[in-house]
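The values are calculated or read from the model by the stated rules, or taken from the named source; none is laboratory data. Being a predicted model, the structure only gives us computed values, none of them experimental. As a convention, Cβ positions derive from the backbone with ideal geometry for all residues, glycine included, and neighbour counts pool all protein chains shown.
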Amino acid sequence: MKKQQFILVGSGVALFCLIYFFGRTIPPKKSPGAAAPVTSHSTELNINTILAASRRQLTPGQQAYLAQLETAVVRGDVKEQQIKVFHQLAAFWRDSAHMLIPYAYYTAEAAKLENSQKSLTFAAQFFLNGVRRQENHDLQRWMAIQAKELFEKALELDPKNDSLKVGLGSCYLFGNISDNPMQGISMIREVAERNPENMYAQYMLAMGGLVSGQLDKAIERLLIIAQHQPDNAEILLMLADAYEQKGDKPQAIKWYEASKKHIRDVNVIGEIDKRITQLKK
């Protein structure tokens, strides 16, 4: 069985286990001196390019309806009217076209006009979740930049909000938007050191350890979360996988067994039992 990089914060045990057992949870450890993927920013993505590519996948009827909505945005000279149309555009891309990047963009545009912490945070978090599962580096970077802008706007409204600070740091950590890879880690670590019980900060630091192949640091953070959330099957599975990657079979088996107590899906439990059996050989 192959494993796949973990996707979402709080995505739910069922989705997590599906990803876990049929994909990769922890990226392969980088060889010493290995450089991070480098993208060419001379032809950076922009929303016009993304929307044009998305429109080409629509039916003629959908294109006609979309054109009406886009015209309404241009003509709308009242902020409330523009907000309404942006939400209509977002709903179209989500419900009719089933394309989440245009949906996220128009949700973000509405949030910027509404200028509420709740709407800005929702749009920012949606982009950030997408960053972590996006394999196209140019698109990943574009999404991280959108999330960064939204988190910054939300922080202007609530400068002391630690969750927003962790979200902003995560944009740097996962989005390849800074030449200094420690910039995001430093922002998140500042929150974790000031408030060790901030599980969001601990989680993101753990993810940073997993992505960089620093398994001991990742395990340290995951153990803190497991202590506070002993019934979090997602975290227990991540701990088991991290120990397995490290080569510590007894600890891997221990945490696989612990995770089973909090999973109801018999198919997932069966996959965990198979993994345990393999480790015992």
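Odds and ends about this structure:
- Positions within segment 148-190 being among the polar types (S, T, N, Q) and under 25 Å from A110 (Cα atoms), in sequence order: N161, S163, S170
- Among the residues making up segment 205-221, those that are touching a residue at least 40 places away in the same chain (Cβ under 8 Å) and within 17 Å of G175 (Cβ to Cβ) are M207, L210, V211, S212.
- Failed criterion for L237 (all others in (1) assigned to a helix (DSSP H, G or I); (2) under 21 Å from L150 (Cβ atoms); (3) of a type in the set (A, V, I, L, M, F, W, C) hold): (2)
- Any hit, segment 264-279, residues being among the hydrophobic types (A, V, I, L, M, F, W, C), farther than 23 Å from G209 by Cβ and in a loop (DSSP other than H, G, I, E, B): no
- Of residues in segment 114-156 being basic (K, R) and at pLDDT 95 or above, the one surrounded by the fewest Cβ atoms within 10 Å (Cβ to Cβ): K118
- Annotation: of all residues in segment 89-102 being buried (at least 18 other Cβ atoms within 10 Å of the Cβ) and without any contact (Cβ under 8 Å) to a residue 24 or more places away in the chain, the one that is farthest from A67 (Cα to Cα) is A90.
- Test: residue in segment 174-193 that is exposed (fewer than 15 other Cβ atoms within 10 Å of the Cβ) and farther than 30 Å from W142 by Cβ: yes
- Residue among E190, E135, E156, E152 that alone is part of a helix (DSSP H, G or I), within 22 Å of G213 (Cα to Cα), out of contact with any strand residue (DSSP E or B) (no Cβ under 8 Å at 6 or more places or on another chain) and of a type in the set (D, E): E190
- Condition met for F92 (closer than 20 Å to F151 by Cα, modelled with pLDDT of 95 or more and in a helix (DSSP H, G or I)): no
- Inclusion of A218 among residues that are out of contact with any Phe, Trp or Tyr (no Cβ under 9 Å at 6 or more places or on another chain), under 26 Å from Y256 (Cβ atoms) and assigned to a helix (DSSP H, G or I) is warranted.
- Residue check, F151 within 18 Å of K165 (Cβ to Cβ), in contact with a Lys or Arg (Cβ under 9 Å, 6 or more places away or on another chain) and not aliphatic (A, V, I, L, M): yes
- For segment 67-87, a residue qualifies if it is within 19 Å of F126 (Cα to Cα) and crowded, with 18+ Cβ neighbours inside 10 Å, and the qualifying residues are I83, F86.
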